[in-house]
Protein chains: 2
Amino acid sequence: MGKYVTITEIARQLNVSHSTVSRALNGHGRISEKMRSQVVELAERLGYQSNSTAHRLSKGESGIIGVIVPDLSIHFFTKVIAGIQAVLQQAGYEIMLFNTAESMEQEVRAIEQCLKYRVDGVLAAISMKTNAFTHFQKLLRYEMPLVFFDRVANFLPVPKVVTNDYQAASKATRYLISSGCRCIAHITASINLNNSNNRLYGYMDALKEAGMPVKEALIHYYEFDRESIGQFLEKALKQHPGLDGLFVFNDYVANYTVNVLQKLGKQIPTDISVIGFSDEPVATYMTPQLSTVQHGGEKMGGLAAQKLISIIKKNEPVDGEKILINPELVLRGTTR
Amino acid sequence: MGKYVTITEIARQLNVSHSTVSRALNGHGRISEKMRSQVVELAERLGYQSNSTAHRLSKGESGIIGVIVPDLSIHFFTKVIAGIQAVLQQAGYEIMLFNTAESMEQEVRAIEQCLKYRVDGVLAAISMKTNAFTHFQKLLRYEMPLVFFDRVANFLPVPKVVTNDYQAASKATRYLISSGCRCIAHITASINLNNSNNRLYGYMDALKEAGMPVKEALIHYYEFDRESIGQFLEKALKQHPGLDGLFVFNDYVANYTVNVLQKLGKQIPTDISVIGFSDEPVATYMTPQLSTVQHGGEKMGGLAAQKLISIIKKNEPVDGEKILINPELVLRGTTR
DNA sequence: AGTTGTTGCGCACAGGTGTGCGCAGTATCT
DNA sequence: AGATACTGCGCACACCTGTGCGCAACAACT
């Protein structure tokens, strides 16, 4: 007994019209209690499943939200998706997932599909290779509700949910200071400027705030060449033997850094405290476990989804509002 | 500017019927070249996007595949999804993603939604807490194409794509032997029996095959208590000072184990070779980098998707066929 | 010129659901 | 008993696309 049961089929079996069945199941129009229970009972028995597609077609809503992510293998984004899903599910939406693999063509295609499927809204993080934005503008021309998260196009009049990198970095640095560190180095990334620059400024301002000098010799611009980290640390330790704190822009690199420091004979955190960034799984699998900044992926996803829903529902005027997420410190074994 | 353009609207503007427009755009019926170009031109100008929902409704296909995953934060599953997406996109399908967060209720709900949206097929990995299978049986009663991956229900007559854990473990162990190891220990998990038991047998059989004894003292059953690993290693090294090889059921635990061994003064891989399992990102962030078994997530996703498509398209009879994926060794710095 | 073949397009329906309107039947009130 | 109100349900349309059938117009043939 294969295929789906429709309300028309139920209507046929009961010798009534399909509208009666519809009313019985939804309780919207007037319907006698006797007929209602009769219909409900048969629907139950035949295993009726309402056809969302048809329903949404006639209502003009799809019940689907397009979620566009640049790289699923970045753990952070999976947390964002979890946050998105929790909120959307509450509101009765499902997720159509697009993984652009950092390709602009894929991103364009994803948006095309969102339009074709008459998705009710789009949540997107922009790919690194995206250098034109006509596809997003097209979305806006169709008045499609859109919210950016994490990777945003600042100049588009679209709400954006992003991490407060500046505050996060300053918080981490201030903690290092308050726990007794007197000479704090920072490893930052030379690409992906938006995020890491803000973290760099947060680090520098926290130092200045505490009356500590910012020294170029204590800042390393990482460019995906691991060896440079060992060289940097050896040189920094030679110039500043009192080096006792380190803030790293990313947990994976922090993990590597801890290994290098241990190999150089340093005790973590007794000699040197280390704080990473993102709270990736690797953080809890290190020895000692890594203190880090919780990137707040689920929170970001949840807020972005809420914002999107309120745009869809209340039709609120869309502006370029930027929602900042203040990350939390997660203190584990690499700090005092 | 504003809402969607329909073929009816295009037809109205050209004073023809909507079927003419449909034919012009799809080229299925007979149509004059003049009319065709006229329609296409106007459609282009108005920014026409065909309404997939309506199209699929009339064709009786949704063009959507439901993908049910127990935990997105497990990196392996994101690779599977990437593999799935690559294949499905080729075939013109989109993904509706469900993350059950290892909850059976969520899994039941996901399947309910798949039915409501008249999804064309379902790819599922079962949650750990699933102890009844009526929801999957319901899916089968509706003749919904279904393929399991990684976490499967063996007794259901559904194709399954899984890792060949036995062969993977035996391959890893044989490599350790061939690279000169003469005393090889194994850390396995005491839960999730299916997978880890097969790995355990693969390890044991490889030893026997090489004429080496299987010793209980060299096998540790890990139960998420890290301290036990240090205790196990110290004891094993005392009883078997010649211990020079280690096969671990999971990269994260392997990472921890390498840290412990280094702390015990062992050189990796000079004194002891280590092989992990899964090729998680952490493997490349260790020093030395971890040799491991590539779990083959993308391959698994791709094969599962292909199987599903062939069921949908050719309507091939469904059986409980089990497709095994033979993982590859990834040799890095923790082996000789 | 009449017959046959071909071409271009409209009509009407299918797919499943929801709803405004109206009709018939019953209950209530005067 | 007649007027009014209300109840229960069917009809027809909307949402949008695709297609089988048939009609009309025209070309080509005998």
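The values are calculated or read from the model by the stated rules, or taken from the named source; none is laboratory data. No experiment lies behind these values; they were computed from the predicted model shown. No Cβ is skipped: glycine too gets one built from the backbone with ideal geometry, and neighbour counts run over all protein chains shown.
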In region A:1-11, what count of residues is obtained for those that are more than 41 Å from the chain's Cα centre (by Cα) and either loosely packed, with under 11 Cβ neighbours inside 10 Å or on the phi > 0 side of the Ramachandran plot (or both)?
1
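Yes/no per residue for (1) among the small types (Gly, Ala, Ser); (2) over 22 Å from A:Ala236 (Cα atoms); (3) within 12 Å of chain B (Cβ to nearest Cβ):
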position: A:Asp251; (1), (2), (3): no, no, yes
position: A:Gly265; (1), (2), (3): yes, no, no
position: A:Val274; (1), (2), (3): no, no, no
position: A:Val282; (1), (2), (3): no, yes, yes
position: A:His295; (1), (2), (3): no, yes, no
position: A:Asp319; (1), (2), (3): no, yes, no
position: A:Lys322; (1), (2), (3): no, yes, no
Given the criterion within 16 Å of DNA strand C (Cβ to nearest atom) and either at pLDDT 90 or above or in contact with a Gly (Cβ under 8 Å, 6 or more places away or on another chain) (or both), identify the matching residue among B:Ile31, B:Ile64.
B:Ile64
Looking at A:Glu94 and the list (1) of a type in the set (D, E, K, R); (2) surrounded by 19 or more Cβ atoms within 10 Å (Cβ to Cβ); (3) within 11 Å of DNA strand D (Cβ to nearest atom), which single condition is not satisfied?
(3)
Pull up region B:121-143, narrow it to residues that are crowded, with 21+ Cβ neighbours inside 10 Å and touching a strand residue (DSSP E or B) at 6+ places or on another chain (Cβ under 8 Å), then point me to the one that is farthest from the other protein chains (Cβ to nearest Cβ).
B:Ile126
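Residue-by-condition table, conditions (1) among the hydrophobic types (A, V, I, L, M, F, W, C); (2) facing another protein chain (nearest Cβ under 10 Å); (3) over 30 Å from A:Leu115 (Cα atoms):
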| site | (1), (2), (3) |
| --- | --- |
| A:Lys3 | no, yes, no |
| A:Ile10 | yes, no, yes |
| A:Arg23 | no, no, yes |
| A:Gly29 | no, no, yes |
| A:Glu33 | no, no, yes |
| A:Gly66 | no, yes, no |
| A:Thr78 | no, yes, no |
| A:Gly83 | no, no, no |
| A:Gln89 | no, yes, no |
Facing chain A (nearest Cβ under 10 Å), touching a residue at least 60 places away in the same chain (Cβ under 8 Å) and not hydrophobic (A, V, I, L, M, F, W, C), is that true of B:Gln106?
no
Please verify whether A:Asp251 is within 27 Å of A:Gly180 (Cα to Cα) and among the charged types (D, E, K, R), treating the condition exactly as stated.
yes
Residue among B:Ser58, B:Ser50 that is more than 8 Å from DNA strand C (Cβ to nearest atom) and within 14 Å of chain A (Cβ to nearest Cβ):
B:Ser50
Specify which of the listed residues (A:Ile64, A:Ile84) is closer than 28 Å to B:Ser58 by Cα and either in contact with a helix residue (DSSP H, G or I) (Cβ under 8 Å, 6 or more places away or on another chain) or surrounded by 16 or more Cβ atoms within 10 Å (Cβ to Cβ) (or both).
A:Ile64
Right, A:Ala54: farther than 22 Å from B:Gly301 by Cβ and within 16 Å of DNA strand D (Cβ to nearest atom) or not?
yes
Has region B:51-59 got at least one residue that is of a type in the set (Val, Ile, Thr) and over 21 Å from the mean Cα position of the chain (by Cα)?
yes
Output for region A:302-332, where each listed residue is closer than 30 Å to A:Tyr175 by Cα, touching a strand residue (DSSP E or B) at 6+ places or on another chain (Cβ under 7 Å) and not in a strand (DSSP E or B):
A:Leu303, A:Ala304, A:Pro327, A:Leu331, A:Arg332
What is the residue count in region B:12-38 for residues that are within 21 Å of B:Asn51 (Cβ to Cβ), within 46 Å of the chain's Cα centre (by Cα) and within 11 Å of DNA strand D (Cβ to nearest atom)?
12
Do we find a residue being among the hydrophobic types (A, V, I, L, M, F, W, C) and at the interface with another protein chain (Cβ under 10 Å from one of its Cβ atoms) anywhere in region A:36-45?
no
